[in-house]
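Engineer: Quick one: the structure is below, and I'll ask about it shortly.
Laboratory data are not the source of any read-out in this text; all were calculated from the coordinates shown. All values derive from a computational prediction rather than experimental measurement. Glycine gets a Cβ as well: all are built from the backbone with ideal geometry, and neighbour counts include every protein chain shown.
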Amino acid sequence: MNKVIIFFFKKYIFSTRREWLRFDSIFMVVGIIISVATLTVAHSIFEGYETVLKKTILSVNSHVYVFLSKEGNLEDNNIEELSEFLSSQIEVESFSPVIISQIMASNNGRVKGALMRGIQWEKEDLPSAYKKYVFAGDYKLESDSDVVIGYKLAKELNLKLGDVIQLVSPMNSKVTALGMQSAKQDFMIKGLFKSGMHEYDSKYIFLNIKNAAAFNNFENEFTMLEIKLKPDFIESADYLAYKWQMSLNYKYQISSWIDFNGNLFSLLKLEKWVIFIILSFLILIASFNVVSSVSTSIIEKKRELGILKAYGASNMFLARIFIGKTLIISFLAVLFGQLLGLGIAKFISWQTFFLLKGDVYFLEKINVRFSFISWLIILGTSLLIVFLSSLIPLKKISQMEVTEILRG
């Protein structure tokens, strides 16, 4: 049976009549290629955006955050208690205290709100990938005046490596004879930070944790403790946070990256599949050409079908010939459409004429990712739609009368 289907497929391709060059056949193939390419472009860009955004957020930030349950900051005795506890947890890869505060950064009259992060930069395995994203200058914050700032913040304030930036802390004001005066201090830009996310690159300023403590008048105090999990436990961060909070008798408030970003990624996933369903209708529209092509082929092959019926071929057997031929052609068209779509998506990611607005979409660069699962889903969905469409005109085969066909 399979040999017969293959025979008719070869005849379809290599026949002198060139059936595959018929307008309806070309229109069917082109329609499938364009619709699949469009679906592939949209899906790969959405998947790339979701993947890179998640990777960046989990690299720049830690996975779990520990705060003091009551008002105030963590102190040395809290850090010692947490360190002892976390060292015994197999899910933890590293942890480190940090100091975070809102400040104003200024240069020659230009002022911009920023976020100061005091970190233990000398620690070999920081909970965040700080060292990875310092692309210019040096990540080492050895001097009391050294800072690393986001490259977009530097651009907005017209600063470069080696320049001096003034940091002002309205929250850390002092009472003077002239009234309330905000804490001010000049720092030298030692390095530039680039994560690819507008939110971080336009706000973050990194200091040595000791200098950040002195600037904010923190004596043996820390804003929070950051925890980095081993890769296998990142998706379970919310459960671990809940479990550790109970183990520590609710003395600390423990939150995970899922608590802060879970809704964002759920929305992105929903949008990705909504777009997938909507664009799948393009394949459904293209399948109308499949109905037309199969119908035309049945009419042209009417005499051959009558002869095969006369020799005892069943309607099911004849239907399989047309289905097999259609699915093979459609399979090749879908594959070409996926390759074309991936090529277009790659071109879009490489071009620099059109960039995303970082303050709206978090990322500026368009990213592409096309996984094996995505390839299978698009392939399976496309072939299923084509298969169901090809069944519609096959009813004509069962309606054919052998005597009428041969007599005609």
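Engineer: List the extent of the Cα atoms of region 27-85 along each of their three principal axes, largest first, rounded to whole Å.
Structural biologist: Projected onto its principal axes, the Cα set of region 27-85 covers 74, 22, 15 Å.
Engineer: Can you compute 3J(HN,Hα) from phi for each residue in region 98-114, using the Karplus curve 6.51 cos²θ - 1.76 cosθ + 1.60 with θ = phi - 60°, rounded to whole Hz and x for Gly and Pro?
Structural biologist: 9, 10, 10, 8, 8, 9, 10, 9, 9, 7, 6, x, 8, 10, 9, x, 8
Engineer: Okay, next question. Note down the relative contact order for region 70-250 as a percent, whole number, built from C-alpha pairs under 8 angstrom at least six residues apart. Please list the in-between numbers first.
Structural biologist: Details: 329 pairs, mean separation 57.8, N = 181.
The normalised contact order for region 70-250 reaches 32 percent.
Engineer: Using a 10 Å cut-off on Cβ atoms, rank the peptides 272-278, 249-255, 127-133 from the highest mean neighbour count down. Don't jump to the answer; show the numbers that get you there.
Structural biologist: Working: 272-278: 13.3, 249-255: 16.1, 127-133: 19.9.
Final packing ranking: 127-133, 249-255, 272-278.
Engineer: Turning to a different aspect of this structure: List the residues, sorted by chain then number, that are 5 or more residues from Gln253 or on another chain and whose placed amide H is less than 5 Å from its amide H.
Structural biologist: Counting only residues 5 or more places away or on other chains, the set is Phe67, Leu68, Ser69.
Engineer: Taking the alpha-carbon distance from Lys210 and a cut-off under 16 Å, which lysines remain once sequence neighbours fewer than 8 residues away in the same chain are dropped?
Structural biologist: Once the sequence-local lysines are set aside, what remains near Lys210 is Lys123, Lys140.
Engineer: Apply 1/(1 + (r/R0)^6) to the Cβ-Cβ distance of Ile307 and Ile285, taking R0 = 30 Å, and write down the FRET efficiency to the nearest 0.05. Don't skip to the answer; put the middle values down first.
Structural biologist: Numbers: r = 36 Å, r/R0 = 1.18.
Given R0 = 30 Å and the Cβ-Cβ separation, E is 0.25.
Engineer: Report the gain in length on full extension from Asp186 to Asn315: 0.36 nm times residue separation, minus Cα-Cα distance, nm rounded to one decimal.
Structural biologist: Working: separation 129, 0.36 × 129 = 46.44 nm, distance 8.65 nm.
The span from Asp186 to Asn315 would gain 37.8 nm if fully extended.
Engineer: Between Glu300 and Glu271, what is the FRET efficiency for a Förster distance of 51 Å, r being their Cβ-Cβ separation, to the nearest 0.05? Can you show the working numbers first?
Structural biologist: Working: r = 45 Å, r/R0 = 0.88.
About 0.70, to the nearest 0.05.
Engineer: How tilted is helix 76-86 with respect to the longest principal axis of the chain? Cα atoms for both, answer in degrees (0 to 90, nearest 10).
Structural biologist: 30 degrees
Engineer: Using only the Cα atoms of region 70-250, what do you get for the radius of gyration and for Dmax, in Å?
Structural biologist: 17.6, 57
Engineer: A further question follows. What is the helix-to-structure angle for 2-14, meaning the angle in degrees between its Cα long axis and the longest Cα principal axis of the chain, kept from 0 to 90 and rounded to the nearest 10?
Structural biologist: That works out to roughly 90 degrees.
Engineer: Regarding region 146-278, what's the average projected area of the Cα-atom convex hull, expressed in nm²?
Structural biologist: Details: hull surface 53.0 nm².
Averaged projected area of region 146-278's Cα convex hull equals 13.3 nm².
Engineer: Report the dimensions of the chain along its three principal axes from the alpha-carbon atoms, largest first, rounded to Å.
Structural biologist: The Cα atoms of the chain stretch 114, 50, 34 Å along the principal axes, largest first.
Engineer: Please list, ordered by chain and number, the residues whose modelled amide H lies under 5 Å from the amide H of Tyr204; skip anything fewer than 5 residues away on the same chain.
Structural biologist: Here the answer is Leu115, Gly150, since their amide H atoms fall under 5 Å of that of Tyr204.
Engineer: Can you tell me how much longer the chain between Lys251 and Lys131 gets when fully stretched, taken as 0.36 nm per residue apart minus their C-alpha distance, in nm with one decimal?
Structural biologist: On the way: separation 120, 0.36 × 120 = 43.20 nm, distance 3.21 nm.
Extra length available between Lys251 and Lys131 comes to 40.0 nm.
Engineer: Could you give each residue of region 152-158 its phi-based ³J(HN,Hα) in whole Hz, using Karplus coefficients 6.51, -1.76, 1.60 with θ = phi - 60°, and x for Gly or Pro?
Structural biologist: Per-residue couplings from phi come out as 6, 5, 4, 5, 5, 9, 6 Hz.
Engineer: Simple spin-label model, 7 Å along Cα-to-Cβ: Asp259 to Ala214 in nm?
Structural biologist: Computed distance between label sites Asp259 and Ala214 equals 3.3 nm.
Engineer: For helix 372-391, report the angle its Cα long axis makes with the longest principal axis of the Cα atoms of the chain; keep it between 0 and 90° and round to the nearest 10°.
Structural biologist: The angle comes out at about 30 degrees.
Engineer: Now for a different question. A 21 angstrom limit on the alpha carbon distance is what I want to check against. Which of Lys155/Lys203; Lys155/Lys346; Lys70/Lys131; Lys112/Lys132; Lys325/Lys346; Lys203/Lys365 exceed it?
Structural biologist: Numbers: Lys155/Lys203 11 Å; Lys155/Lys346 29 Å; Lys70/Lys131 33 Å; Lys112/Lys132 25 Å; Lys325/Lys346 32 Å; Lys203/Lys365 18 Å.
Too far apart for the 21 Å limit: Lys155/Lys346; Lys70/Lys131; Lys112/Lys132; Lys325/Lys346.
Engineer: Another question about this same structure. Normalised by the number of residues in the chain, what is the relative contact order in percent for Cα pairs under 8 Å and 6+ residues apart? Can you show the working numbers first?
Structural biologist: Details: 637 pairs, mean separation 111.6, N = 408.
Here the relative contact order equals 27 percent.
Engineer: For the modelled label position 7 Å from the Cα of Ser69 along Cα-to-Cβ, which residues of region 237-265 have backbone nitrogen atoms closer than 17 Å?
Structural biologist: Of the residues in region 237-265, 241-256 have backbone N under 17 Å from the label point off Ser69.
Engineer: Another question, if that's okay. Report, in deg cm²/dmol and to the nearest 500, the calculated mean residue ellipticity at 222 nm for the chain, where each DSSP H run with n ≥ 4 adds -39500 (n - 2.57) and the sum is divided by the residue count.
Structural biologist: Details: 15 runs with 218 residues, N = 408.
Result for the chain, helices only: -17500 deg cm²/dmol.
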